[in-house]
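Following: one structure in structure tokens, then a few remarks.
What follows draws every value from the coordinates through simple rules; no lab data is involved. Given the structure is predicted, the values throughout are model-derived calculations rather than measurements.
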Amino acid sequence: MRATDAVKAALNSTQQSLEMYVSDLSDADLLVRPVPDANHIAWQLGHLIAAEPFLMRTELPDAKYPELPAGFAEKHSKETSRLDSGFQTKAVYVDLAKKMRAATLALLDPLSDSDLDRAGTGRMAKFCPRLADLFLLVSNHTLMHAGQFTVVRRKLGKPVLF
């Protein structure tokens, strides 16, 4: 197995977890906050979608990603995390998340193990000393937020998935 295969497996696994955790949620469920000051799932999904190309472009500035709808990134900024209206449907979020993840996975195709081992030079280099670390940060970022979804699922009485 090559290093790119392991990174792809991590990215695919966390994407599957994200999709599983929202699979039985309604659009209204995405706006439920587990506690008053916590972020709802709609905001978190948008944040993940906007963050993925942003993060990857810190090391791969020419990385190709689908265009986000106008105002999408701004709607999912830290400043808007307290809003409870004006968010997308689950279908839109899942579709965009799949497209962003597919673009990230495509970035791995031409890379060698030595490419993944190259030192980070962008603004995330402190947290991601190698290019591989940046890809894994994107994967872990998804899983960290998906873990927060489980609290909302419990509040809604949804089944424990694993």
> Say the cut-off is 31 Å between C-alpha atoms; which of LYS8/LYS90; LYS90/LYS126; LYS64/LYS155; LYS99/LYS155 go over it?
Replying inline: LYS90/LYS126; LYS64/LYS155
> With axes computed from alpha carbons, what is the tilt in degrees of helix 41-56 against the longest principal axis of the chain, rounded to the nearest 10 within 0 to 90?
Replying inline: 10
>> Helix-only estimate, please: 222 nm mean residue ellipticity of the chain, summing -39500 (n - 2.57) across DSSP H runs of length 4 or more and dividing by its residues, to the nearest 500.
In response: -17500 deg cm²/dmol
> If one computes the Cα centroid of the stretch 143-162 and of the stretch 1-54, what distance in Å separates the two points?
Replying inline: 11
> Roughly how tilted is helix 131-155, in degrees to the nearest 10 and between 0 and 90, from the longest Cα axis of the chain?
Replying inline: 10
> At q = 0.10, 0.14, 0.16, 0.20 Å⁻¹, what is the log10 ratio I(q)/I(0) for the chain, with the Debye formula run over Cα points and no solvent?
Replying inline: -0.37, -0.72, -0.91, -1.28
> Around ARG130, which amide H atoms from residues at least 5 apart in sequence, or from another chain, sit under 5 Å from its own amide H, with H modelled in the peptide plane?
Replying inline: GLY120
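Does the stretch 110-149 come out rounded, prolate or oblate, given a ≥ b ≥ c as the square roots of the eigenvalues of its C-alpha gyration tensor, rounded meaning a/c under 1.5 and, failing that, prolate meaning a/b above b/c? Write down the numbers at each step before the final one.
Values: a/c = 3.98, a/b = 1.83, b/c = 2.17.
Oblate.
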